[in-house]
Amino acid sequence: MTYSDLSRPIDELIKSHGLPEREVYLDHENSGLIFPEVLEIMDNTYRLSGKGHPSITHLMGWISYQALYEATTNIASAINCSPEEIVYTHSGTEANNLAIMGSSGLSSNRKKVLVSRIEHLSVIFPAEKLEKYGFKVIKIPVDEEGFVNLDFLSEHVDKETLIVSVAAINHEIGTIQDIKAIRDIVRDKDEGVLIHTDACDALGRIPLDMKKLDVDLASFSSHKVYGPKGVGALYVKEGVKLEPIIHGQLSTQKLWPGVENVPGIVGFSKAVEIMHRNFRENVLKMTDLRERLISSILNNIEHTLLNGPFGDKRAPDNVNISFLYCEGEALTVELSMKGIYVSSGSACTSRVLEPSHVLLAIGRKHEEAHGSLLMKVSPFHTTSDIEYVLEILPDTVRRIRSLSPIKPLRKVI
Amino acid sequence: MSSRVPLTYGKKVLELFRNPKNLGRIEDANAEAIAGSLACGDMIAIYLKIDESTEKIVDAKFESYGCAANIAAASILTEMVKGKTLQDSWKISWKDVSNELGGLPSVKYHCGVLAVGSLRRAIRAYYTNRAKPDWLSDELTQEEKHALEEEKLMEVLAKKAKRAML
Ligand SMILES: Cc1ncc(COP(=O)(O)O)c(C=O)c1O
């Protein structure tokens, strides 16, 4: 961990910021809130059933093993697969790394990896790492709404291809990909190519049935379904072989050594269960809140652009809008002082000169990407939360625009 | 690849971001300059009103497109130069700006650099039609070079992005 910037007391900064009277947390992309029921069951698991190590032969081990098994059965039934097909990791990032790196040691004649240009960095970076080991990495282009170019995919996938990885829902712009179409194109070319989908942002937002989807690998992250952070899973279809990528004492699972985070997994499972049980209701609610945000912002604030598709092909929770003539980090900090927490694809937020690779891949100009805000609504939000955001946002944008030397040609809002 | 920690701005940065001092333009400025660009996500404009006989800066204002640190750096710099001679203002470095702000986080040093870069460009602009004083170097200073590099790099990156889309 880097603490160099903590030479200055952070308390002073927090105090100067002050605690806003009203808060609306919309930064579920970076870190999801947690269901109270999940916290409660985790607390119980820490105290009772999850005390022991689930691979040890004594009472505490058996009880813990049982808790783990029940949690896994629950998740398996929600995504329609068998419990044996679920491998736990300690994050979605690790699940993606396991899918990409874990498949690379398998075959000597498949040296091509295809990932879309808008994948999460936990897919892109491991793929790029494989280039060092002689793999050829091809990034599949996407259109202006983020849909992968299927003709390109079809032209480039062949019997030398090891794996194709495309997220079911894009984390930044909410594009819902046609994974079945991608699967059919790939299988049609060669049955032996592995198909991976990063489903971290798709779970609970679109129906996910592993039997029907019929991919080889799918990644999940607990905090994305409002479970605890630091828990992830990889679905590995029966018969698909992977090599472990970290090594140590194996526990109940073959691909991820170390003691399972049983209370965390139980919490993850509970979150999946809640999302599954209330699926329709949640999706309708989130879609309604999303539409309120998008239509009001686009209608009432000038010089705004929606990033990603409109309507049914957009994730129910995703709002990503570029506010031109605004820099995203300034907007983020200004909104924070009003108690609204969001994130931005600006370069400032990522600490490099380049803004979000996803926004650049859909053809946004640098200055359009710098002014982007990502807001994710959740089942926790109410209409009144969204109204508060809509009340605050126009003034915030107006103030940040008023600071800039470059003003829009027409009079700003 | 570097790690990411939240930017622990000093409270001065937050104060100036909230209530920036000297925001705006000077209509009868006798020197002004811009550094950075929209594409960089960082841009500072400095406007100076200079008393021609004493060469003192009587008024300074700024506009900024950028993060909180960028806005605070430009604002504090206009405070620092007011009442100073051009020669003394020329000597202000990005470190002085950072210090005035209670120390910028390292990833935000370039905000101080950009602010000083735009000030020095404005001072150069003032002397384009006047006799150049001895203290004004012909060679670009570190801060001016940095601003130029950032602007050029962005042009290259923007072209690269355009080509990748084709
Ligand atoms: C699409 C996608 N993949 C992977 C991850 C990484 O998951 P985690 O935060 O659990 O490492 C995220 C989380 O932000 C995500 O949105």
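The values are calculated or read from the model by the stated rules, or taken from the named source; none is laboratory data. Fair warning: this is a prediction, and the values are worked out from it, not measured in the lab. Counting neighbours? That spans all protein chains shown, and the Cβs are built from the backbone with ideal geometry, glycine included. SASA here: full protein model, heavy atoms, side chains in, ligands and nucleic acids out. Shrake-Rupley method; radii C 1.70, N 1.55, O 1.52, S 1.80 Å.
Residue-level check: of (1) within 16 Å of the ligand (Cβ to nearest atom); (2) open to solvent by 30 Å² or more (accessible area, probe 1.4 Å), A:L203 misses just (2). Set side by side, the residues A:H223, A:H171, A:H196 differ, and just one is at pLDDT 95 or above, out of contact with any Lys or Arg (no Cβ under 6 Å at 6 or more places or on another chain) and outside any loop (DSSP other than H, G, I, E, B), which is A:H196. Return the residue satisfying two criteria in turn: it lies in region B:2-47 and is farther than 18 Å from B:V113 by Cα and among the hydrophobic types (A, V, I, L, M, F, W, C), and of such residues it is surrounded by the fewest Cβ atoms within 10 Å (Cβ to Cβ). In this case the residue turns out to be B:V5.
Restricting attention to region A:368-395, the residues that are in a helix (DSSP H, G or I), surrounded by fewer than 24 Cβ atoms within 10 Å (Cβ to Cβ) and more than 14 Å from chain B (Cβ to nearest Cβ) total 10. Note on region A:148-194: among residues that are of a type outside the set (V, I, T) and within 16 Å of the ligand (Cβ to nearest atom), the one that is nearest to A:G102 (Cα to Cα) is A:S165. If you go through region A:302-334 and keep only what is assigned to a helix (DSSP H, G or I), touching a strand residue (DSSP E or B) at 6+ places or on another chain (Cβ under 8 Å) and within 12 Å of chain B (Cβ to nearest Cβ), you end up with A:G328, A:E329, A:L331, A:T332.
Residues of region B:48-62 that are surrounded by 24 or more Cβ atoms within 10 Å (Cβ to Cβ) and within 14 Å of another protein chain (Cβ to nearest Cβ): B:F62 alone. The residues on offer are A:I118, A:I138, and the sole one that is within 16 Å of the ligand (Cβ to nearest atom) and either assigned to a loop (DSSP other than H, G, I, E, B) or under 21 Å from A:R187 (Cα atoms) (or both) is A:I118. Scanning region B:87-113 for residues being in contact with a strand residue (DSSP E or B) (Cβ under 8 Å, 6 or more places away or on another chain) and either of a type in the set (S, T, N, Q) or surrounded by fewer than 23 Cβ atoms within 10 Å (Cβ to Cβ) (or both) gives a total of 1.
Restricting attention to region A:121-135, report how many residues are in contact with a helix residue (DSSP H, G or I) (Cβ under 6 Å, 6 or more places away or on another chain), away from chain B (no Cβ under 14 Å) and either within 11 Å of the ligand (Cβ to nearest atom) or free of Cβ contacts under 8 Å to residues at least 24 places away in the same chain (or both). Talk me through it step by step, then tell me what you get.
Filtering region A:121-135 down to residues in contact with a helix residue (DSSP H, G or I) (Cβ under 6 Å, 6 or more places away or on another chain) leaves A:122-123, A:126-127, A:130.
Then drop every residue that is not away from chain B (no Cβ under 14 Å), which leaves A:123, A:127, A:130.
Checking which are either within 11 Å of the ligand (Cβ to nearest atom) or free of Cβ contacts under 8 Å to residues at least 24 places away in the same chain (or both) leaves us with A:123.
Residues flagged as in contact with a helix residue (DSSP H, G or I) (Cβ under 6 Å, 6 or more places away or on another chain), away from chain B (no Cβ under 14 Å) and either within 11 Å of the ligand (Cβ to nearest atom) or free of Cβ contacts under 8 Å to residues at least 24 places away in the same chain (or both) within region A:121-135 amount to 1.
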